[in-house]
Amino acid sequence: MKMRGLLVASVLLVLLAGGIWWSAKVAKDKESKPAADATPKVLSVQEADIRRIEVARRGGETTVIEKDTSGNWKLTSPAGYPVDKLAVSSFVTAVASVSSDKVVEDKTTDLAQYGLKEPSLTVTLGLKDGKTKVQRVGDDAPAGSASYAAADGDPHVYTIASYTKEGISKNAADLRDKRMLTFDPEKVARVTLAAQKTETEFGKNAQGQWQIVKPKPYRADTFAADDMIHRLQDVKLDATLSAGDLKKNATAFASAAPLAVITVTDAAGTQKLEIKKTKDDKYYARSSVVDGVYAVEAATAKVFDKSTDDFRNKKLFDFGFNDPSKIDFHGPGAQVSVAKGGEKWFRNGKPLESASLQTFLDKLRDLSATKFAETGFGAPAADITVVSGDGKTTEKVSLAKSGQDWLARREGEPALYVVSAQAMDELQKAAVDLKEEQAKPPAKK
């Protein structure tokens, strides 16, 4: 009985091992075989292996981009231009892996019937090992939005979708960097804008924030300054213009009136952009970086048609959305001194009701100039001191009456801010309306 049991166990063990081996083999075969509905590839290489791409059109432009020793792509034909990095990245991805819709013929003997003997498009990839991969695109297929395609060394004829063809048939105009100024926005150190008979120069302070340094040192509206610099990147050339079109633009530019001149300095140097406006309200730009004169959208051009005052910070206080820790307000209609302790605000040691305190903070935060003045500040009638930044920043503002309005001056600054009577009245009212927090009645037993 023992021998019989051992024999049965041995047989079961062999069967179990065979079952495991067979299951593993089936799984491996499934992994190694492509799915029945897998899209066949016309061409597939590693993007990192590509060093040169040539796109030749029958009877048209031949476009070539090449990777330099630093790993950067350059447009070398039909002319040498910097490239749009994002556009080139998408293009390289597209040519490295070209999927087909289907296989039309496994082994053709007549490429001409598909338009592949003299293809409309030939894409040649130069690889780092010195080899090349060539793909050809021929006639459009009679049914659907597809074209015939083939690759050298592959006897198959495929069809590729129209969007696939579009992705690999880029020309110089598609791949060229169209920015008229090519500075690095992260490394800009200085910007000058000459417009509306003023010249405004911007520089960065120790905190990396934009400040106006000319014609006088002023606080800058950082959002307005950043937006102007960002919009410089939107001034782009039209790479499809003919020589005749460029000549017409140059003639219009020569007779147009100056609108703005912008210079930008980054780590690589200084670049200049001139914008002019014609009598029929058309705008043209010329850059020190690229040749030619190009049309500019009116909305873009008007961003630079601004004076110094348009970029000045009209807010009287810089604490922004960070709540201060102490406020002293001394005005003709209110005397207030409040400080923050934990999550609450206190006046004379008593907690303040949050709603009235928030109204006071909002009015103080929004206190802004309607315009600026150079002279006229008399005897101060109000003083405001705000401590913020964990006690590291103290801002002091003095205010004096000036007719119906008020003139304000920040400590340590020569600039004068014109504040409306309404804004000042609302701030004083909010100070008067500060209420102490009411103690909660004891809970009923």
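The values are calculated or read from the model by the stated rules, or taken from the named source; none is laboratory data. Predicted, not measured: the structure shown is a model, and the values here were computed from it. Neighbour counts run over all protein chains shown; Cβ positions are idealised from the backbone, glycine included. Surface areas here come from the heavy atoms of the whole protein model, side chains and all, with no ligands, DNA or RNA. Shrake-Rupley method; radii C 1.70, N 1.55, O 1.52, S 1.80 Å.
Enter the mean projected area of the convex hull around the alpha-carbon atoms of the stretch 44-155, in nm², rounded to one decimal.
7.9 nm²
Pick from VAL104, VAL42, VAL290: which is most flexible by mean-square fluctuation in a GNM of the chain where alpha carbon atoms under 10 Å apart are linked?
Result for the chain, Cα springs under 10 Å: VAL104 fluctuates most.
Local charge sum around VAL104 (other residues, Cβ-Cβ under 14 Å, Lys/Arg +1, Asp/Glu -1)?
For residues surrounding VAL104, the net value is -4.
Over the chain, average the accessible area per residue using a 1.4 Å probe and give it in Å², no decimals.
Values: 25840 Å² over 445 residues.
Here the per-residue accessible area is 58 Å².
On a full-extension model of 0.36 nm per residue, what is the gain between ASN348 and GLU436, subtracting their alpha-carbon distance, rounded to one decimal in nm? List each step's numbers first, then the result.
Details: separation 88, 0.36 × 88 = 31.68 nm, distance 1.01 nm.
The span from ASN348 to GLU436 would gain 30.7 nm if fully extended.
Top mean-square fluctuation among LYS102, LYS344, LYS41, Gaussian network model of the chain, C-alpha springs under 10 Å?
LYS344
Treat each spin label as a single point 7 Å out from the Cα along the C-beta direction, and report the LYS247 to VAL261 distance in nm.
2.8 nm
Scan the chain and hand back the longest stretch that contains none of the GluC sites (Glu not before Pro) lying in DSSP loops with at most 13 other Cβ atoms within 10 Å. Show your work: numbers first, answer last.
Values: sites that count: GLU61, GLU297, GLU343, GLU374, GLU411.
Within the chain, the longest run free of exposed GluC sites (Glu not before Pro) spans 62-296.
For the Cα atoms of the chain, what angle does the longest principal axis make with the long axis of helix 243-255, in degrees from 0 to 90, nearest 10?
Roughly 10 degrees between the two axes.
Read phi for every residue in the stretch 256-273 and hand back ³J(HN,Hα) as whole Hz from Karplus 6.51 cos²θ - 1.76 cosθ + 1.60, θ = phi - 60°, with x for Gly and Pro.
For the stretch 256-273, the Karplus-derived couplings read 7, 8, x, 10, 7, 10, 10, 10, 10, 10, 10, 5, 8, x, 10, 10, 10, 10 Hz, x marking Gly and Pro.
Rounded to a whole number, what % of the accessible area of the stretch 306-409 do carbon and sulfur atoms account for, probe 1.4 Å? Mind showing how you got there, number by number?
Details: 2520 of 5370 Å².
For the stretch 306-409, the apolar C and S fraction of the accessible surface comes to 47 percent.
Relative to the first principal axis of the alpha-carbon coordinates of the chain, what is the inclination of helix 222-232, with its axis defined by its Cα atoms, in degrees from 0 to 90 and to the nearest 10?
Rounded to the nearest ten degrees, it is 40.
I'd like the orientation of helix 2-32 relative to the chain: the angle between its Cα long axis and the longest Cα principal axis, in ° from 0 to 90, rounded to 10.
Around 70 degrees separate the two axes.
Given the pairs LYS170/LYS306; LYS236/LYS315; LYS302/LYS392; LYS277/LYS371; LYS41/LYS128; LYS344/LYS371, which are separated by over 31 angstrom at their Cα positions? Let's see the in-between values first.
Working: LYS170/LYS306 39 Å; LYS236/LYS315 34 Å; LYS302/LYS392 39 Å; LYS277/LYS371 28 Å; LYS41/LYS128 21 Å; LYS344/LYS371 35 Å.
From LYS170/LYS306; LYS236/LYS315; LYS302/LYS392; LYS277/LYS371; LYS41/LYS128; LYS344/LYS371, over 31 Å: LYS170/LYS306; LYS236/LYS315; LYS302/LYS392; LYS344/LYS371.
Net charge near ASN171, counting Lys/Arg +1 and Asp/Glu -1 over other residues with Cβ under 11 Å of its Cβ? Please list the in-between numbers first.
Working: positive: ARG57, LYS170, ARG176; negative: GLU61, ASP174.
My count for the surroundings of ASN171 gives +1.
Considering only C-alpha atoms, what is the centroid distance from the stretch 77-126 to the stretch 245-267, in Å?
38 Å
Starting from the Kirkwood Rh over alpha-carbon pairs, what translational D in µm² s⁻¹ does the chain have by Stokes-Einstein at 37 °C and 0.692 mPa s?
Values: Rh = 29.3 Å.
Value of D from the Cα-based Kirkwood radius: 112 µm²/s.
Can you work out the FRET efficiency for the pair LYS131 and VAL289, with r the C-beta to C-beta distance and R0 = 60 Å, to the nearest 0.05? Numbers along the way, then the final one.
On the way: r = 37 Å, r/R0 = 0.62.
After rounding, the FRET efficiency stands at 0.95.
Could you compute the net charge surrounding LEU125? Neighbours are other residues with a C-beta less than 13 Å from the C-beta of LEU125; K and R count +1, D and E count -1. Could you put the intermediate results ahead of the total?
Working: positive: ARG51, ARG52, LYS67, LYS128, LYS131, LYS133, ARG136; negative: GLU47, ASP49, GLU54, GLU66, ASP129, ASP152.
Once all neighbours under 13 Å are counted, the net charge is +1.
Could you check which residue among PRO380, PRO142, PRO215 shows the biggest mean-square fluctuation in a GNM of the chain with a 10 Å Cα cutoff?
PRO142
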